[in-house]
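Enquirer: Quick one: structure below, then a few questions.
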Amino acid sequence: MNEVRILVVDDEPVTRMITESVLAAQGFIVEAAETAEVALEMLADGFVPQVILLDVIMPGMSGYEACRRLRADPRFEHLPIVMLTALDDQKSIDEAYFSGATDFITKPLNMPLLPHRIRYLLRSAMTFQQLLESRETLINTQKIARLGDWELDGAGALVNCAEQYRALLGIGRLPRPAAALLARVHHEDCAALEAARSGLLKGFPYQLDYRVTAADGSVAHLHEVGYPKPGQGATGGYGYTQDITQRVVAEEQVRRLAWYDPHSGLLNRSRISELTARDMSGPEGRPLPLGLLFIQLSGLRKASLLLGQATADAALLMLCERLRQFAERALVTTADGPQQSLRRARLGRYDEADFLIALPGELPRAAWQQLAEQLLAEISAPLEVDGEALQLAPSIGIARSPDDAADVQELIRCAMRSANLAAGDPAVHIVFYDPAHDAEEASLHLLERQLRAAIDSGDQLQLYFQPKVDAISGLPVGAEVLMRWPQPERGMVSPGEFIPLAERTGLIRPMTDWLLLRAVEQIAAWQAAGLEPGKISVNVSAHSFYGGGLVRHIDELLARSGVAGEQLFIEITESILMHDREAAVQVLSDLRERHIGISVDDFGTGYSSLGYLQRFPVDEIKIDRSFVIDVDSKAGNQALVSAIVGLGRALGLSVVAEGVETDAQAARLRHLGCDVLQGFLYARPMPADQFTAYIAGATGRASPP
């Protein structure tokens, strides 16, 4: 051993000299001290030996006291200290070891044997140090891994357990750790742990996951492995326990990401489809009875576009809570008569505004109708979000296994087709699947393809113009552009059919672009012919208004045609304005800079208020036709129209009443102060050539009717 330093502490000079000589001859580096006090000073000054030979009887401090002080110093806690003394009685030997001595050698010293004793002590010290380091490494590793080991005796008592094990379980140094452990174990897992450890005592290893409850109420997940003690006749066992809470939480997060919709917390499309398929799967591949409700909420789909994503997200959470509560308390009457709860039902989000409820079991058609009506009543009430009342406009399609489909995806498609049909008919909210629906669905897909082709070709869609007249003179002051579609195979397709289809499929934006193009071209043609059509209003959808590029597209059209911005009015609804107020103000301001007029359509049906109108640079408000119908006979309608006119006057806006059909309505609207009137009383929508004749011949009334 190289560079081994030994400190010899002895008050006898001869003994010190002989010991130094013998050890130095063996290659040891030896330092000597004649008293314990001198030795302690040397150590305090930084001298660190590998072995100390310490005499017991010395003037001043005894070797016993010096040994006790050294052991109290962490630097020398495990240093080999050999006590040297002529005393060999049991009391002296005991006191030496109680003081912390590593070994005890009686005087006179056997000098030939002394170097070998020291080398043995050094090897033992090295082994012990390695053991300490290994144990420290093990402890640190167990802390990092959150793992602790333990040992059971033959009676099942914990006779040895690591500090980390106690820390995991939060049991500290208690007198009966086994009992304390069971008190911490989750009540649902106690029986399994007791059975596993009982089996361990009979020689059966185990692996088990269980939960423990901490003093603060939190729950930890533990993984435990136990082995029986090896050897003939051995009893008891040993093992380790690891905290896997983080893994369990991570797995749960992964599971939630994989199985649940992140916005609603409901099962996602993939998971509810998988679980529904499992519920449908019977023996030998035969489908089991199951019903599916496909719920479409067109109001929720529009919410994100019209009211903003934050409002839509809040509405979604409120809706999901309604659905959960419905599933908790709804009851249906089974074929046998007794009522059945929906607690076995699966509830999931299929798409942005589409939801599924899957209920295993056999129910008569009347029970499904009853269930759908209960659900409709639950979700038809408006959602109050940020002071706004959001109408969900639910439509429910119902399909049943095995009657309608034996495959889960086909069953979902059947229910979806039925919901689509319900959504397309304002008078119907619940539709059961019928094979005839397939033909109707195919017809809708065909209509979509034909509409796309009509927009692409540009030679099927037509512009119609409905005049707007001065309320006092009856003369035309402009027109609203409307779209008609004379489809070659179908004939004239109703706007009520193809406009909603365009909105659902995203075709509304290219259709609006086409409408703007043709309207500006027609204005240019009239101006070239010396005609003044007045201001031409074009309806713009939310997709076009917020989709980016609207102002640039209009700039290009005006520049190419030579038409001035003053000739054009853009009509948008109140709800479009409220979708993103900051963005709306920017778009409206850009249009205003080009002298393009802004008209708010369907005014009075949504957010009609002085506060919001003051924020937006608009020029005109159009009173919704629902207020015009009975304006000549109902005081309530008259009051509403009067209030809207007063609001318009306060802000310097022109007020237009649309849907005017009778002289009595027109007279009342003039009396209430409307500036412009529009409706069948004056003219129905007409093609461009007829409107040309209309303005050329001044066919508008020159005096009030």
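Where a number appears in this text, it was derived from the coordinates with a stated rule and is not lab data. Keep in mind that this is a model prediction, so the values were computed, not measured. Here the Cβ is made from the backbone with ideal geometry for all residues, glycine too, and neighbour counts use every protein chain on show.
Enquirer: As a footprinting exposure proxy, order C67, C161 by other Cβ within 10 Å, with the fewest listed first.
Expert: Ordered from fewest to most neighbouring Cβ atoms within 10 Å, C67, C161 come out as C161, C67.
Enquirer: Add -39500 (n - 2.57) for each DSSP H run of 4 or more in the chain, then divide by its residues: what number comes out at 222 nm, to the nearest 500 deg cm²/dmol?
Expert: -14500 deg cm²/dmol
Enquirer: I'd like the FRET efficiency for N110 and A234, computed as 1/(1 + (r/R0)^6) with the beta carbon distance as r and R0 of 51 Å, rounded to 0.05.
Expert: Efficiency, from the Cβ-Cβ distance: 0.75.
Enquirer: Measuring from label point to label point, each 7 Å out along Cα→Cβ, what is the M61 to L288 span in nm?
Expert: Inter-label distance under the simple model: 8.3 nm.
Enquirer: Additional query: Within region 503-521, what residues put their amide N at less than 17 Å from the label point 7 Å along the Cα-to-Cβ vector of R452?
Expert: Residues 503-512 qualify, since their backbone N sits under 17 Å from the label point.
Enquirer: Under unit Cβ charges (Lys, Arg +1; Asp, Glu -1), what dipole magnitude, rounded to 20 debye, does region 523-602 have relative to its Cα centre?
Expert: 240
Enquirer: With a ≥ b ≥ c taken as the square roots of the eigenvalues of the C-alpha gyration tensor of region 340-450, please select rounded if a/c is under 1.5 and otherwise prolate if a/b is larger than b/c or oblate if it is not?
Expert: On the way: a/c = 1.81, a/b = 1.09, b/c = 1.66.
In terms of gyration-tensor shape, oblate.
Enquirer: Quick check on the chain: of the DSSP beta bridges with both residues there, what percent are antiparallel, nearest 5%?
Expert: 60
Enquirer: Select from A442, F545, L113 the residue farthest towards the positive end of the dipole of the chain; place +1 on Cβ of Lys and Arg, -1 on Cβ of Asp and Glu, and compute about the Cα centre.
Expert: A442
Enquirer: In addition: Apply the Karplus parameterisation 6.51 cos²θ - 1.76 cosθ + 1.60, with θ equal to phi minus 60°, to every residue of region 425-441 and state each ³J(HN,Hα) to the nearest whole Hz, in sequence, with x for glycine and proline.
Expert: Values, residue by residue: 10, x, 8, 10, 10, 10, 9, 7, 5, 9, x, 5, 4, 4, 5, 5, 5 Hz.
Enquirer: Please give the length that would be gained between A195 and S494 if that part of the chain were fully extended, namely 0.36 nm times their separation in residues minus their C-alpha to C-alpha distance (nm, one decimal).
Expert: 100.3 nm
Enquirer: Okay, next question. Based on the Cβ-Cβ distance of S124 and A258, what FRET efficiency does E = 1/(1 + (r/R0)^6) give at R0 = 41 Å, to the nearest 0.05?
Expert: Using R0 = 41 Å, I get an efficiency of 0.10.
Enquirer: May I pose another question? Determine the gain in length on full extension of the stretch A643-A583; use 0.36 nm per residue of separation and subtract their C-alpha separation, reporting nm with one decimal.
Expert: 18.8 nm is the gain from fully extending A643 to A583.
Enquirer: Fully extended, how many nm does the chain gain between E352 and Q462 (0.36 nm per residue separation, minus their Cα-Cα distance)? Working shown, then result.
Expert: Working: separation 110, 0.36 × 110 = 39.60 nm, distance 3.34 nm.
In short, 36.3 nm is gained.
Enquirer: Spin-label point model (7 Å from Cα, Cβ direction): what's the S218 to D403 distance in nm?
Expert: 5.4
Enquirer: Write down, largest first, the equivalent ellipsoid semi-axes of the chain in whole Å, where each equals the square root of 5 times an eigenvalue of the alpha-carbon gyration tensor.
Expert: Listed largest to smallest, the semi-axes of the chain are 93, 36, 22 Å.
Enquirer: Quick check: the distance between the Cα centres of region 409-487 and region 654-691, to the nearest angstrom?
Expert: 25
Enquirer: Evaluate the distance, in nm, between pseudo-label points positioned 7 Å from the Cα of L475 and of V225 along their respective Cα→Cβ axes.
Expert: Between L475 and V225, the simple spin-label model gives 9.7 nm.
Enquirer: Which of G506, G63, I379 sits farthest toward the positive end of the charge dipole of the chain, with +1 on the Cβ of Lys and Arg and -1 on the Cβ of Asp and Glu?
Expert: Result: I379, furthest along the dipole toward the positive end.
Enquirer: Per-residue HN-Hα couplings for region 255-265, Karplus 6.51 cos²θ - 1.76 cosθ + 1.60 at θ = phi - 60°, whole Hz, x for Gly and Pro?
Expert: Per residue, the Karplus-derived 3J(HN,Hα) values read 5, 5, 5, 7, 10, 10, 6, x, 8, 9, x Hz.
Enquirer: Moving on to the next point. How would L446, L392 line up from fewest to most surrounding beta-carbon atoms within 10 angstrom?
Expert: L446, L392
Enquirer: Related question: Placing +1 on the Cβ of each Lys and Arg and -1 on the Cβ of each Asp and Glu in the chain, which of A24, S494, A258 has its Cα farthest towards the positive end of the resulting dipole?
Expert: Toward the positive end, the furthest listed residue is S494.
Enquirer: Still on this structure, I have one more. Using the Cα centre as the reference, give the magnitude of the dipole from point charges on the C-beta atoms of region 462-696 (Lys, Arg: +1; Asp, Glu: -1; all else neutral), rounded to the nearest 20 debye.
Expert: Here the size comes out at about 60 debye.
Enquirer: Let me ask something else. Sort T106, T15 so the one with the fewest other Cβ atoms within 10 Å of its own Cβ comes first. Let's see the in-between values first.
Expert: Details: T106 14, T15 18.
The order, fewest Cβ neighbours first, is T106, T15.
Enquirer: Can I ask one more? Between region 200-255 and region 21-35, how many Å separate their Cα centres?
Expert: 55
Enquirer: Explain nothing, just the number: dipole magnitude of the chain about its Cα centre with +1 on each Lys and Arg Cβ and -1 on each Asp and Glu Cβ, in debye rounded to the nearest 20. Working shown, then result.
Expert: On the way: 65 positive and 92 negative charges, 159 e Å.
Using Cβ point charges on Lys, Arg, Asp and Glu, the chain gives about 760 debye.
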